[in-house]
Amino acid sequence: MRQIFYRLVAAYGYPKDEAAYERLGDKLVRARRAKLIPFEYIRDDGVVTYSSPWHESPDDFRDDTARRIREYRRDRQAGQRVRVELWCEAAGMAPQLAQVADEYSVPVFSSGGFSSLSAIRLVAERALEHGVPTIMLHVGDYDPSGASIFESGAEDACAFVDADRTVLTTRLEAHRVALTEDQVTSLGLETAPPKKTDKRSKGWKGGTCQLEALAPDQLAEIVEEAIRSHLDLNRLQEQVDAEDRDRAELLGLPRGDE
C-alpha cells in the first residue's frame, strides 16, 4: 500500500500526508471487499507462514520432482569477473526487485532501513568468499536517511573486506542505482522538504523523494540496466545454454549437442 500511495502522489498529485494515507487504506479495503480490486493485486508481507512440504502419493512426488527439474537453474553469475548483489532500503520492495534480479542469479537483500553491524558483516563475508570484486548495487529513498543508509553501510562493508581479504582481487564496490537527484529531475518526480525530525537534514540541499514514487516498470528498467552493465553477457548466455543441456539430461532427453 505504501508504494501505491507514493505512486498516487507522484503521478496524480494525491495529498502527501498521514490523513490521506489513512483514507487510501480505507478505500483500498472497501474496494477489495467489494471485489473491485483483486486481492492478489496488493501484496502483504505481514503474514508469516511455517509449513513443511508433503506429498499425497508417490506419483505426486514424481510429478513434483519433474516440475523441479523443469525449473532447474544454474548460477548464472558463474564465470563472471565480478559478483553482483542488490540491496534495497525498503524490505517491502525486495520481492518485486527479485523478479528482475533473479534472471541474472543476483540475490536481493534488505534489512529494512539502517543495517545492523551483523548484516554489514554478512555483506563482507560474502565478498570475501570470492576472488573477484563484489559489486553492491543499492536502491533507496532520495533523502538524508536514504543517502546515509547507503554511504554508512558501504563504508563499513568495504572496511571489513579491506581488513580481512587475503586476495588482492577481492574487494567491494558500492554503487547507488536509485533514487538519485538526476533521476528525480529527469523523471519529473515530486519532491518534499526533508523531515525536520531527521537530524541528517541539516546539510541536505533541495527536496526529498521516496523510491516508491518511481513507477515499478521504470525501477525495473533502471535496476536491470545496472545489473547488465556489470556482467559479461556472453558468459551469462553460456550459463543459460548449459542450463538447457543439464535440464535435458535430468529429464532423460537427448542432449542438444548429440
Here is a check on your reading of the model: is G131 in contact with an Asp or Glu (Cβ under 7 Å, 6 or more places away or on another chain) and surrounded by fewer than 18 Cβ atoms within 10 Å (Cβ to Cβ)? no
Residue identified as over 22 Å from V100 (Cβ atoms) and more than 26 Å from the chain's Cα centre (by Cα) among T197, T191, T208, T185: T197
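Would you mind stating whether R76 is outside any helix (DSSP H, G or I), touching a Ser or Thr at 6+ places or on another chain (Cβ under 6 Å) and among the basic types (K, R)?
Values: outside any helix (DSSP H, G or I): yes; touching a Ser or Thr at 6+ places or on another chain (Cβ under 6 Å): yes; among the basic types (K, R): yes.
Judged against the criteria, R76 is a match.
Considering only segment 217-239, I want to know if a residue exists there that is without any contact (Cβ under 8 Å) to a residue 40 or more places away in the chain, touching a strand residue (DSSP E or B) at 6+ places or on another chain (Cβ under 8 Å), under 17 Å from V84 (Cβ atoms) and not hydroxyl-bearing (S, T, Y). Talk me through it step by step, then tell me what you get.
Here is the first cut: in segment 217-239, the ones without any contact (Cβ under 8 Å) to a residue 40 or more places away in the chain are 217-218, 221, 225, 229, 233-234, 237.
Filter once more, so that each one left must be touching a strand residue (DSSP E or B) at 6+ places or on another chain (Cβ under 8 Å): none.
Among the residues of segment 217-239, not one is without any contact (Cβ under 8 Å) to a residue 40 or more places away in the chain, touching a strand residue (DSSP E or B) at 6+ places or on another chain (Cβ under 8 Å), under 17 Å from V84 (Cβ atoms) and not hydroxyl-bearing (S, T, Y), which makes the answer no.
The rows are residues; the columns are (1) among the acidic types (D, E); (2) outside the structural domain of E221 (by TED's automatic domain parsing); (3) surrounded by 18 or more Cβ atoms within 10 Å (Cβ to Cβ).
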position: A19; (1), (2), (3): no, yes, no
position: R23; (1), (2), (3): no, yes, no
position: K27; (1), (2), (3): no, yes, no
position: P38; (1), (2), (3): no, yes, no
position: S52; (1), (2), (3): no, yes, no
position: E85; (1), (2), (3): yes, no, yes
position: M93; (1), (2), (3): no, no, yes
position: V106; (1), (2), (3): no, no, yes
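Please enumerate the residues belonging to segment 79-114 that are among the charged types (D, E, K, R) and in a helix (DSSP H, G or I). Lay out the reasoning, then the answer.
In the first step, residues of segment 79-114 are kept if they are among the charged types (D, E, K, R); the result is 81, 83, 85, 89, 102-103.
Passing the criteria: D102, E103.
If we scan segment 225-233, do we find a residue that is crowded, with 16+ Cβ neighbours inside 10 Å, under 21 Å from G92 (Cβ atoms) and in the same structural domain as F160 (by TED's automatic domain parsing)? Working first, answer last.
We begin by selecting, within segment 225-233, every residue crowded, with 16+ Cβ neighbours inside 10 Å; these are 226-227, 230-231.
Next, only the ones that are under 21 Å from G92 (Cβ atoms) stay: 226-227.
Now narrow it down to the ones that are in the same structural domain as F160 (by TED's automatic domain parsing): 226-227.
Taking every residue of segment 225-233 in turn, at least one turns out to be crowded, with 16+ Cβ neighbours inside 10 Å, under 21 Å from G92 (Cβ atoms) and in the same structural domain as F160 (by TED's automatic domain parsing).
For residues that are of a type in the set (V, I, T) and either touching a Cys at 6+ places or on another chain (Cβ under 7 Å) or part of a loop (DSSP other than H, G, I, E, B) (or both), tally how many sit in segment 18-71.
In the first step, residues of segment 18-71 are kept if they are of a type in the set (V, I, T); the result is 29, 37, 42, 47-49, 65, 69.
Now drop any that are not either touching a Cys at 6+ places or on another chain (Cβ under 7 Å) or part of a loop (DSSP other than H, G, I, E, B) (or both), which leaves 37, 42, 47-49.
Going through segment 18-71 one residue at a time, the tally reaches 5.
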Provide a single number: the residues in segment 177-191 that are outside any helix (DSSP H, G or I) and loosely packed, with under 13 Cβ neighbours inside 10 Å. 1
Residue ID - farthest from A159 (Cα to Cα), chosen from residues in segment 110-127 that are crowded, with 19+ Cβ neighbours inside 10 Å and of a type outside the set (V, I, T): S110
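The values are calculated or read from the model by the stated rules, or taken from the named source; none is laboratory data. Source: prediction; values computed, not measured. Because the Cβ atoms are built from the backbone with ideal geometry, glycine has one as well, and the counts that use them run over all protein chains shown.
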